[in-house]
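Novice: Below you will find the structure I want to go over with you.
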C-alpha cells in the first residue's frame, strides 16, 4: 500500500475486510436490475436483443469496477450502500426501457445507461482521488459559491433552457442538465462545513428570549444568506420541489448540528407563513394546492395545470393492486412523465404494492445506512455531511413519492437513482462516493496514541467532544 | 450529535411509514373506487385492446377483432362492408366510446355479461384471453345488399326489411354512411381527425337513421287513418265517401286540398278503396275530425307510436302522434302525416308488417343467436308479440286496399308478378319545397314474407316519388322466394 491514508496500517497491519457481503449483494443487484430489464422487454413482446446483453454487461462491469475500487481505496466502507444504489439504478433502467417500448417508441434507456456509467465512474473517481474527505471542509465558502453558480446557470443566456415552466436546465449541447441536482450536494457540504466549525458559537453565544435561545445574527448570517440565495433562485425558477428539498436540507442540518428542535419548529412556522403568502401571491402555487385538495373533481382533472397527472398516477397504482400487472403488462405510459417524476407510480402499477413497498424499503435501508455512517463518523464534518445527505435523500423521497401518492401536493422532483435524467443520477452517485469515503474513514480501525492526529487532520481541534463519540459505532 | 441523528432517523422512519401506508391505502383499500372512477380510462384501454366477440351476418363476420401489430393494443376491431352496416353496428372507439350494436351488445361482445360468468372463471385458470361471445344477426346479407342498392348515393335515405310473422329484421341500411374503421383506429388523434372528416360530410356516426330519424310520414299515415275509419264501423272499403276539392279548416282561414289537384278533384265522391289508392286528402281529414283525435291516436299507439321503450336491441326513437289535445284544424293536417306527426322507417314498417301478419304486430328483433366462445348458444331471442293491433278482418280489408294502391293507385311502378300491397307517402317539409318520399308495404299479399319500408328524406318530389315504388318492387322481387 502506498497511499497516505493507509500508511498507518503499513506500520501495523490490520486485516482488511474481503467485502464478501458486498460481492453477494452486488451480484443480486445486477440480477434484479437485469432480470427486470429482461422481463419488461418480454412483457412488451420483445425478444432478448443486443441492448439487453449490453445493459447486463455494462452494469456488471461497473459493479465489479466499483467493488475493486472500494477494496483498494476504501476497504472499510459500508458494504450495503453500493449494491442498494445499484439495485435502484438497475430497476430504474428497466422501467425506462419498458416505457421506451411503448409506441411510437423512445430510446432513453441507452442514454440512461450512458449516464449510469458516467455517474458511477465519477463516483469511483471520488473514492479514488479524494484522499481525505475532511479536506473539503476547508473550502467552506467555495462550496457556497459553487452552489450559487450552479443555481444561477439556468438563467444565463444561450445555455439556460426552460422546460415545462421551470427554468432549471442548462443545455450542454449533448443534452440538458439540471445543475440544481448537484447543488444539493455542494450545499450540503457547505452546511456541514460551516456548521461543524461554528456549531459551538451558534449554540452558546446566543441570547435567551423566554424559553428559547437564539444564536447571534452574525453566526447564522452565512446560513441565512445561503438559504436566501437558494430560495430566491428557486422562486424565480418556479421549482417548488427543489425549494422544499433545499429548505428541508437546511432545517435538517441545523437540527443535526444543534439538536434544537425549537428552531426547527420556528422554521416550520416560518415556512407555513411563507406558504400562505406564496399561495396568495403566486397563482401557480395556489393551483397546485387546489389540484391536490380537489384532485378528483372532474373539472380539476381536465383543467390546464389540473390534477390529471397525479390522478392518472393513482389510477395506475390502483390498477396494479397488491401484486401488480407484471412488468410490461400495465399501462404506466398513460401517466405523464411516467419514466421520471412519476416512475414510482409506474412501479406501483406493474409490480403492485408488494413491489412498491420493496422499493421503498430499499430506499429506507439506503437512507438508514447513510445516516448510520453519520453515527459512526469520528469528526463533526463527516457526521453532519453523512447524516445530512441521508436526510436529504429521505426528504427528496418523501416529497416525490408523497406527491405521487397524494400525501402532499405533487412537485417536480426526481426519484433518486430511478428517474430518467442524467443530472439526478450523477448527483446521487456522487453522494454515494462521498458517504462511502466517510464510512471508510469512520470504520477504519483507529490506533490509540499519537496516531490519532495523523488521521484527524486537525478536525479534532474544532470539536472537543470527538474522542468520546468515536467510541460509539 | 448522535442523539440528533437518531431523532432525525425516527422522523425518516415515520416518513417511510406514511408513504407505505398511503400506498397500501391507494392500492388496496381505495383501489376499487379508483378503478371505477369516471375519469379512469384504463378499463376502456384494457377492453379496447382485448379481444371482442364478432358480429355475424349469414355466418360471416361483419365486425371482428383481429390480432394487431401494435404493442399497446393486442387487437384491432375490423368492420367489413362498413357502408352496408355502419348504421347498425355503430363503432367501438377508444376516443368516442361505443354506439349502435357495439354498445347495446357490449356485455356479450366483451364477455362481461353475467351469462359468461362461468366462462370467465374458466379463463382465470387457463390464462386464456376472454374472447367474448359472438352475435349472429337476423340480417340476410343478400337482402341487405339489395336494400342498400335502393339508396342512391348523395341522398338521405333509409330502408327496413322485416319478416312480418316474426319481427326479424332482414335488412336495415341507410345513407349517408361512413367507414366505421376510421373511428376504430387505436390512435385517438387519428380518430379525432377522422371524426372531423366524417362529421364534416354531414354524417352523424352516432345515429342509425332507420331507427333514429323520425321524418313526417306523409300519406303512409293514412294506413292508420283508414284502420280507424274501418274500426268505427261507419266506413267500409267499398262504401262511398265524399271527396271535396277543398276542406275548410275550422276556426282558421286555411283549407285542405288534395295533392296537387290531380285525379281526386275529378270525383265528388268515391269508394274508400279508390280514395285510399289515389291518396286523396280531404276525405281522411274529414273522417279524422269526425272520429276524433283519440280514435286515431289509439290506433297509432297500438302499432308503436309514442312508445320510447322499443329496442331491437338498438334503441328506437319513439314515433310521435300528439297525445295532448290539438285543435280540429291541426288534427285534420296531422292525419295526413304532417305537422307534429313523426315516424321512423322502422315504425312505418311495423305498421305494414302488422297488417301483413293478420293484425298482430311482432316485436322487431335483430339478434338471431348469441354464442359463447365454445359455440354453445347463450341466447336465442324468440318471436315476441308486440301488440294485437287490429282484427284479422280489418287486416284483410287493409291488405285489399293496399293491393289496389299498387294495381291502380299511387304505387303502380311496383306492379309485379308477386302481389304487392303498399302505401306511398309524400310529406311536405314546411315551405322548403323539399319532401319526404315514403313507401311501405309487404308481399306476397296472400302469404306475406317481407315488409319493406323506404324513405327518402328532404328530397325533391320528382326524385323521391320515382324511387319509392320502383325500389320496393326491386327489393320484394329479390327477397321473396317464389
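Novice: Using Cβ counts within 10 Å as a stand-in for footprinting exposure, how do B:79, B:10, A:255 rank, fewest first?
Specialist: In order of increasing Cβ crowding within 10 Å: B:10, A:255, B:79.
Novice: Continuing with the same structure: Where the centre of each part is set by its Cα atoms, how far does the range B:243-262 sit from the range A:263-305, in angstrom?
Specialist: Measuring centre to centre over Cα atoms gives 74 Å.
Novice: Which whole-number percent is the relative contact order of chain A (Cα, under 8 Å, 6+ apart)?
Specialist: 21
Novice: Nearest 5 is fine: what % of DSSP beta bridges in chain B come out antiparallel, could you say?
Specialist: That works out to approximately 95 percent antiparallel.
Novice: Then there is this: What's the center-to-center distance, using Cα atoms, between the range A:25-39 and the range B:1-36 in Å?
Specialist: The range A:25-39 and the range B:1-36 have Cα centres spaced 26 Å from each other.
Novice: Moving on to the next point. Separation of the range B:187-216 and the range B:432-482 by C-alpha centroid, Å?
Specialist: Cα centres, the range B:187-216 to the range B:432-482: 25 Å.
Novice: Calculate for chain B the 222 nm mean residue ellipticity that helices alone would give, adding -39,500 (n - 2.57) per DSSP H run of length 4 or more and normalising by residue count, nearest 500 deg cm²/dmol.
Specialist: Mean residue ellipticity at 222 nm (helix-derived): -11000 deg cm²/dmol.
Novice: Could you work out the relative contact order of chain B? I mean the mean sequence separation of Cα pairs under 8 Å and 6+ apart, divided by the number of residues, in percent.
Specialist: So the answer I get is 15 percent.
Novice: Still on this structure, please answer the following. Please average, across the residues of A:304-315, the number of beta carbons from any other chain that are within 10 Å of each residue's own beta carbon, and give a whole number.
Specialist: Averaged over the peptide's residues, the number is 2.
Novice: Above 38 Å lies some portion of the pair distances; for the protein assembly as shown, what is it as a whole percent of all C-alpha pairs?
Specialist: Working: 269290 of 455535 pairs.
Summing the P(r) of the protein assembly as shown above 38 Å gives 59 percent of all pairs.
Novice: Now for a different question. Quickly estimate the mean residue ellipticity at 222 nm for chain A, helices only: each DSSP H run with n ≥ 4 gives -39500 (n - 2.57), and the total goes over all residues, rounded to 500.
Specialist: Computed mean residue ellipticity for chain A: -22500 deg cm²/dmol.
Novice: Mean shadow of the range A:268-316, computed from the convex hull of its alpha carbons, in nm²?
Specialist: Dividing the Cα hull surface by four gives the mean projection, 3.8 nm².
Novice: Given a cut-off of under 8 Å on Cα pairs at least six residues apart, what relative contact order in percent is computed for the range B:136-203?
Specialist: Details: 80 pairs, mean separation 18.0, N = 68.
With pairs under 8 Å counted, the relative contact order is 27 percent.
Novice: Under the rule a/c < 1.5 gives rounded, and otherwise a/b versus b/c splits prolate from oblate, where does the range B:1-66 land using the Cα gyration tensor?
Specialist: It comes out prolate by the Cα gyration axes.
Novice: What percentages, rounded to whole numbers, describe P(r) for chain A computed over all alpha carbon pairs with 20 Å bin width beginning at zero?
Specialist: Using 20 Å bins, I get a P(r) of 24, 55, 20, 1 for chain A.
Novice: Then there's this: At a 10 Å Cβ-Cβ cut-off, how would you order A:115, A:292, fewest neighbours first?
Specialist: A:292, A:115
Novice: Provide A:263, A:128 in ascending order of the number of other Cβ atoms located within 10 Å of each residue's Cβ, fewest first.
Specialist: Fewest-to-most Cβ neighbours within 10 Å comes out as A:128, A:263.
Novice: Using Cα atoms only, what is the angle between the long axis of helix B:392-408 and the major principal axis of chain B, expressed in degrees (0 to 90) to the nearest 10?
Specialist: 70
No lab work stands behind these numbers, since they all come straight from the coordinates. Keep in mind that what you see is a predicted model, and the values were worked out from it rather than measured. For neighbour counting, all protein chains shown are included, and Cβ atoms are generated from backbone atoms with ideal geometry for every residue, glycine included.
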